[in-house]
Amino acid sequence: MIEIENITKRYGAATVVNDVSLVVQPRTITVIVGTSGSGKTTLMRMINRLVEPTAGVIRLDGEDNRTLPGYELRRRIGYAIQGHGLFPHRTVAQNIAVVPELLGWDKARTDARVSELLSLFQLDPETFGPRYPHELSGGQQQRIGVARALAAEPNVLLMDEPFGALDPVIRSKAQEDLLAIQKRFGTTIILVTHDMEEAIHLGHKIAVMDGGNLLQYATPAEILANPATDFVATLVGTGDRPFRFLSLSPAGDAVEPGTAEGEAIPASATQRDALAELLWSGRPALPVVNEAGKAIGRVTVDGLVKRASRPAA
Amino acid sequence: MRLDKLGVVIALIAGYAVAAAPFATFRANRIVAGEPQTLLAALPSWAGPTLLAVIAAAVLVGLFRTPSTLRLAASFAALAALLLLIGTAADHLTPPGNTYARVSPASGFWLLLFAFALLAADALTRLRPTPPLRILVLVLAGAFLGFVLFTGSWDRLSILKEYSARADSFWAEASKHVTLALGSLAAAVIVGIPLGVLCHRVQKLRAAVLNVLNIVQTIPSIALFGILIAPLGWIAAHVPGAADIGIKGIGMAPAFVALFLYSLLPVVANTVVGLAGVPVQANDAARGVGMTERQRLFRVEFPLAFPVILTGVRIVLVQNIGLATIAALIGGGGFGVFVFQGIGQTAMDLVLLGAVPTVLLAFAAAIILDAAVELSSPFHARTSA
Ligand SMILES: Nc1ncnc2c1ncn2[C@@H]1O[C@H](COP(=O)(O)OP(=O)(O)OP(=O)(O)O)[C@@H](O)[C@H]1O
Ligand SMILES: [Mg+2]
């Protein structure tokens, strides 16, 4: 669990992060969204103390993050830096092995871990291990950046726009990989992006920032249903393109097992209508009936939102 | 076939050298004025035409657009023939049993040597040899030189007569020269790199330190020796033990200190430039993965700045090998001893005995360190592979 309490960061007169408090539950993905310069990176870097806060406390599993020396703290927290940040003079394998080496792992264990991670990211260890970063494509470099952050099996992973430089196809592939890895290792992930679509797709919770302030911290469904401010609404608006996909598919395709209270919606209605009905009525789920009027299950806000952000899934 | 521009220049130089300049100078003894000898007159009847033929062939190869390997082979053949036959000229011109007569290479020989060295350098540059190959060429050239010296082919050349008259002092001065050049370099590296790191970290210090070192660099060496006499003399007189380890107002100590001071600027400046060139992201990542400041310095900053720092070391080494000649002016020893003695006695061959080894040393140092600089940055060089 990561508890951020009344964190403020000032550079001279400028307040870059203003009195932010939020709690990140273990084994979840929290996405920080906001426009450029809103303080996302700064907030994230205060967690591993690359930036020292002006005021406030950050606790990891109940322990103040200032208890350990900064460098020891950072060895325990994975950090995938904005733009891959690989060491140009080290091979791919050496880059991934950096933190295990700092922690004093023996060579066999480190090598095994490097191969495991390269395979996990679908890069052949024999081929890619000995290469230098400049011999990789941009997408491969970013995957290595994430692999390096994961190398020492950290409980917490900080990712600063990890998929920023990727084309849409590779990007959604990388997002799926990340979700799979998160499930597999149960890592607590904090991810920065300025892409609302990405935030909705990946986040268990979303923190919206603007001008150093935390405007809203809630689940994707809540943010879609009740944006806290006009700014959040605008930001969500930029993510509405995928919701058009909902109007192309019938609610019947999104049916989940289970029952729900209240007036039912026909299976032939669009998913968009179903979501609108849900959000408008403020209910978490709706029963769905077929042409014969027989209940075939229900649709939920969460389910529809996930479909919205990933229509193919 | 089309003409090669450099080949035309080389042909003109070689043509002038053969037709109008003397190949060797003969003198009845060390001091008298010499009699210039043409190439054909200086060499025995079999050797003169042979050398002319080799020169003509090499000039022709150079004149037209020919493959670089052929140009390299031709220039090496011409250089080898020149170097071997200048010894033959000495044997030929020196009357049997005469130990006073002196034969030295004359302007024609030097011009030819220069022309074909130019052709060789040009061909080598076009071939882009890898660093290990360049070192190999250097070693082979050194071996050739050693072979010629060892077989005694040059023994009758004036420069080697000067050498044999003072063989012991030659090696003593050589070792002083190398000690001065390398010792002051080592001291400059030991002091300069940490100073450079400090300047990199402390912005305010940077301008001040670099300005002072810049000023030091502009002081003429003679003036710097003069400035150093008083403080070093004072140290010798007042600090116990200082005089025992050789610290004096004149001699090796001020020469060492002066070379050290001249060396500091390139080392410090290149360290600062090298560290500043380390990508911000690499530094950020180093902190992000949990390196301590020291680990970041040694594992990320130094390796990435190393090629630039090494370039500074190369500048200093070549500069110091040349500058160490001046040490002789204040009794510091080195090859300069022969240069200044030779000037005093108007004995050009003695000047050469000091100058030629200095030039060869500087040349070898430049080639070796250039190769090292290139080898030290594999992560840049691989792009073309
Ligand atoms: N070291 C610093 N000194 C002064 N100002 C800084 C410093 N670091 C960041 N800032 C300022 O703080 C603000 C927030 O920066 P931050 O990097 O956190 O933004 P961000 O939300 O990550 O933006 P982006 O999406 O462009 O990465 C910016 O206005 C920036 O100029
Ligand atoms: Mg940022």
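The values are calculated or read from the model by the stated rules, or taken from the named source; none is laboratory data. Treat the numbers as computed from the prediction; the structure is a model and nothing was measured. Note: ideal-geometry Cβ built from the backbone for every residue, glycine included; neighbour counts use all protein chains shown.
Points to keep in mind about this one:
- Residue within region A:181-199 that is more than 26 Å from B:Val289 (Cα to Cα), out of contact with any Pro (no Cβ under 8 Å at 6 or more places or on another chain) and free of Cβ contacts under 8 Å to residues at least 24 places away in the same chain present: no
- The condition (being within 14 Å of A:Leu191 (Cα to Cα), touching a residue at least 24 places away in the same chain (Cβ under 8 Å) and more than 13 Å from ligand 1 (Cβ to nearest atom)) is satisfied by just one residue among A:Ile58, A:Ile32, A:Ile47, A:Ile2: A:Ile2.
- Candidates A:Ile47, A:Ile96, A:Ile58, filtered to the one that is at pLDDT 95 or above and within 16 Å of ligand 2 (Cβ to nearest atom): A:Ile47
- Contact map, region B:23-52: residues that are outside any loop (DSSP other than H, G, I, E, B) paired with residues that are exposed (fewer than 14 other Cβ atoms within 10 Å of the Cβ) and among the hydrophobic types (A, V, I, L, M, F, W, C), Cβ distance under 8 Å, separation 6+ or inter-chain. Pairs shown: B:Arg27/B:Ala33.
- If you filter region A:5-29 down to residues that are at positive phi and not small (Gly, Ala, Ser), you find that the one that is nearest to ligand 1 (Cβ to nearest atom) is A:Asp19.
- Residue ranges of helices (runs of 4 or more DSSP H) in region A:12-115 with at least 2 members within 9 Å of chain B (Cβ to nearest Cβ): A:70-76, A:98-102
- Criterion: more than 21 Å from B:Val257 (Cα to Cα), part of a helix (DSSP H, G or I) and touching a residue at least 40 places away in the same chain (Cβ under 8 Å) - qualifying residue of B:Ile321, B:Ile315, B:Ile309, B:Ile326: B:Ile309
- Evaluating A:Gly34 against the criteria (1) in contact with an Asp or Glu (Cβ under 8 Å, 6 or more places away or on another chain); (2) away from ligand 2 (no atom under 16 Å from the Cβ); (3) modelled with pLDDT under 95 leaves one unmet condition, (2).
- Where A:Asp273 falls short, out of the listed (1) modelled with pLDDT of 85 or more; (2) farther than 30 Å from A:Ile77 by Cβ: (1)
- Going through (1) crowded, with 17+ Cβ neighbours inside 10 Å; (2) within 14 Å of chain A (Cβ to nearest Cβ); (3) touching a residue at least 24 places away in the same chain (Cβ under 8 Å) one by one, B:Arg296 falls short only on (3).
- B:Leu264 being surrounded by 22 or more Cβ atoms within 10 Å (Cβ to Cβ), more than 13 Å from chain A (Cβ to nearest Cβ) and farther than 23 Å from A:Tyr79 by Cβ: yes
- Any hit, region A:71-83, residues being assigned by TED's automatic domain parsing to the domain that holds A:Glu161, at pLDDT 95 or above, within 13 Å of ligand 1 (Cβ to nearest atom) and crowded, with 19+ Cβ neighbours inside 10 Å: no
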